[in-house]
Every structure is written in C-alpha cells, then in structure tokens.
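Contents: one structure, followed by commentary.
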Amino acid sequence: MAFPPTAACSGQNNSTDWGSLPHAGYHWDGCTERFFEGWYSRVTLPGDPPISFAFMYAIDPKRGGMAQVLGPEEELHWRTFPNPRRFWASSTHLALGHSGIPGPGCRGLQDPFTFFQRTASGYQYTAHLNQGILPDPLGSEPIRWLYRIQPRFAYGIPPRATMGAWSYLPIFEPGWQILMSHGLATGWVEWRGRRYAFQQAPAYAEKNWGQSFPRRWFWIQCNAFPQHPGLSLTCAGAERQVLTRPEEVALISLHGWGSQPFLEWRPGSARLTWQVDPWGFWRIRGESALWCIRLEGHTGRPGQTVFTPGPEGMQRNCRDTLSGHLHLQLWQRNGQVWTPVLTATSSQAGLEVGGEVPRPWQGQC
C-alpha cells in the first residue's frame, strides 16, 4: 500500500509543526518521586460493522512500561516492558519507543521498513508514524501495526495547552494534553490472523503525565460522524488533585465545524454539568455566553477494562468501549434565543469511566 506524504493534509489545519505542540515532549526530568507518562492513539475504520483500534503506551521510569491494544469486539492485547532503559523519548517533540526482549531492539527511531526485522516486541510512535509488534503467547502470529498519520487539528487554534497555562506547573495532577483532535491514518493492523488495511481513516491522539491519577473520571471521544466528516469531539471530566485538595473539573472541545473550527467549554469561561453512570450512560452539558452543547452517550456492550497508572503500578480500573453511541447537539445564542445549529450522531464513539464510580456521578464546575 502506498503511503501519503507525512506533511499535514490539505485544508484548514493547525498542526503542521508538531515539534512545537504544548506538552508533546517527554516530561520526566529524572526526579526520584514516582512518575508516569502515557500516550493514547486511536484509528477508526469505516465499514459494516465499524472497527476501531486504540493503542496505549505507558512508562514508569523506575518500574518499566506497557503497551496495550484495544481492538475488534473490544478484545484487549497487552505486553509489559520491564526494562525502562529500553524506553526512549524526545523531550522536545512527540517521538518515543520501547523494545522488549528478545530482539536486539534499538534506542531511537528506526526505519519503518526494517523495524520488524530488528524488534521482536515493541513499538515506535511519532506525530506521523505509529508502528509496533506484540507477541501473542496464545497464538502463532503476533499483533503488528504500521500506519502513517496526516495531522489536521491539534488542540486549539493556534495549538495550545489543553488545560491552559497552569498545566505547565506541577499543581494539577495529572497533566492532560490533546495532541491531535483529528487526523487521517493510512496503513494496516494485523490482528488475530487478519489484516485490516485502511486509507485516510480518522485518527486521534492524546497523552497524560504526572505523579498521581484522578480518583475518578469519565471520557468521550469521537471523530467519526458519518454526516459530518472532519468533526471531532473530545470531552473529559475528573476528580483530580490540586496541591493537597480534590477538585472536580471538566472540559468539552469541538473541532472542525463550519465557520467555527474550534469551540471549547472549560471552567472559568463556561458552566459544565454531568451525569455519568458507573457504566452505560453519559450526559454532559456545557454552556458559555454564546454556545451551548449537550452530549449523550450510551452503550449496551459490557466494554473492556484497560490498565491505567495507580499507586501500585498499572491497574485494570478503567472501562472502555470504542463502539459507543453518541448524540451531539449544539446551540448558538442570538440575543435571548438559543438557535440549534448542529446535530451529529455516531456509533463509533469512545466512551470511558475510570476509578471509583460505584453509583451515578452528578457533578458540575
């Protein structure tokens, strides 16, 4: 399959220089305290039934790392990389990788065409490439992937830190950055004996880092709306630590709609409210002076538990689906009247609940 050039795709975009994106580089500065950093990349394939793959990479500089792949039928495949010295990352831009044993591996970006010859288990990930191989001890064939990425929208216009200027200070835990709200991916994934090839499929990327993870959180992501190609929605809420006290916070961001290529609702400039069940139902509303958005997500699927960082290392305390149903409504204020301007639906939404949510969670900020 021929790959497109790695430059950003045509049309309006704000992500041509990924080297300067806020928080794109690796954050660890050698501190002795516990630290984690994680990266999430998703590609959404069209078809019937629709299929998504989510790639999750994590590193604890003292304990080692892990790679997880969430695939069709919400199956999860993962491998640990106990040797942190075989992890590498750039501190200035998005570029990282980790190799396991056996295999000679390499510290640094490899040629994609020789990567699989040199690496028996591992991955490499940049703003324009996602590639990896994870052995399957229960099967004869490893899981492998290789795809190129054409970024279209980073977070904000121009690109900026997702949680604002305060995200540069170690006050809020954890840090969170949407790296690419929308892009186009071309390549393939070999999964359970089948190769899934795709061209210009919707792609998404984000990351987080810090010394602690939220006590509880929710997350919604979708950039595969059939009637609105290029539209991208990300929403997250959490109970996080601010110095020594807990705080509830949430954010909604919308990229790629009409004459307003970027809209966001965040504390300080908008009021956000939510009701999230322990699993199966999400309802979030954001209202600013001029814009109001309402999200409703639901799923009847059991989802899959995935690993997230915890006090004792990686723990399976987070539930995900990549085939959730999402209904989005957007209104604009004209004087005292709210006018509906956008309705969008998808059956390929990423929906997530994590941490301690034993009962319906109603919150606001």
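The values are calculated or read from the model by the stated rules, or taken from the named source; none is laboratory data. Note that this is a predicted model, so its numbers are computed, not measured. Here Cβ is always computed from backbone atoms with ideal geometry, including for glycine, and neighbour counts include all displayed protein chains. For accessibility, only protein heavy atoms count, side chains too; no ligands or nucleic acids. Shrake-Rupley method; radii C 1.70, N 1.55, O 1.52, S 1.80 Å.
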Legend entry - Helical contribution to [θ] at 222 nm, DSSP H n ≥ 4, -39,500 (n - 2.57), averaged over the chain, rounded to 500: -500 deg cm²/dmol
Inset, instruction - Mind listing the long-range amide H neighbours of Leu179? Cut-off is under 5 Å, sequence gap 5 or more, other chains count too, H placed in the peptide plane at 1.01 Å from N. - result: Ala205, Glu206, Lys207
Legend entry - Three-way shape label, segment 16-74, alpha-carbon gyration tensor, a/c 1.5: oblate
Legend entry - Linear extension gain, Gln315 paired with Ala197, 0.36 nm per residue minus alpha-carbon span: 39.3 nm
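Based on the Kirkwood radius over alpha-carbon pairs, what is the Stokes-Einstein translational diffusion coefficient of segment 286-325 at 20 °C with 1.002 mPa s viscosity, in µm²/s? The partial results should precede the final answer.
Values: Rh = 12.9 Å.
After rounding, the answer is 166 µm²/s.
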Inset, instruction - Enumerate by residue number the chymotrypsin sites (Phe, Trp or Tyr not before Pro) in segment 186-283 meeting two conditions: DSSP loop (anything except H, G, I, E, B), and at most 16 other Cβ atoms within 10 Å of the site's Cβ. - result: Trp279
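For segment 202-322, how big is the tail of P(r) above 16 Å, as a whole percent of Cα pairs?
Cα-Cα pairs of segment 202-322 separated by over 16 Å account for 68 percent.
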Inset, instruction - List, in order, the whole-Hz ³J(HN,Hα) value for each residue of segment 245-261 obtained from phi through the Karplus relation with A = 6.51, B = -1.76, C = 1.60 and θ = phi - 60°; use x for Gly and Pro. - result: 10, x, 8, 8, 8, 8, 8, 10, 10, 10, 10, x, 10, x, 7, 10, x
Inset, instruction - In nm, give the distance between the simple-model label positions of Arg85 and Gln275, each being 7 Å from the Cα along the Cα-to-Cβ direction. - result: 5.6 nm
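Test of understanding: what is the full-extension gain from Phe113 to Gln329, defined as 0.36 nm times their sequence separation minus their Cα-Cα distance? Don't skip to the end; give the middle numbers.
On the way: separation 216, 0.36 × 216 = 77.76 nm, distance 4.43 nm.
My answer for the length gained is 73.3 nm.
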Legend entry - Computed over segment 209-351: relative contact order in percent, which uses C-alpha pairs under 8 Å that are six or more apart: 19 percent
Inset, instruction - Roll a 1.4 Å probe over the protein chains and send me the accessible area per residue for the chain in Å². - result: 42 Å²
Legend entry - Relative contact order %, the chain, counting alpha carbon pairs below 8 Å whose residues are six or more apart: 13 percent
Inset, instruction - Tell me, rounded to the nearest percent, the portion of alpha carbon pairs in the chain spaced more than 31 Å apart. - result: 30 percent
Inset, instruction - Only Cα pairs under 8 Å and at least 6 apart count here; give the relative contact order of segment 227-275 as a rounded whole percent. - result: 29 percent
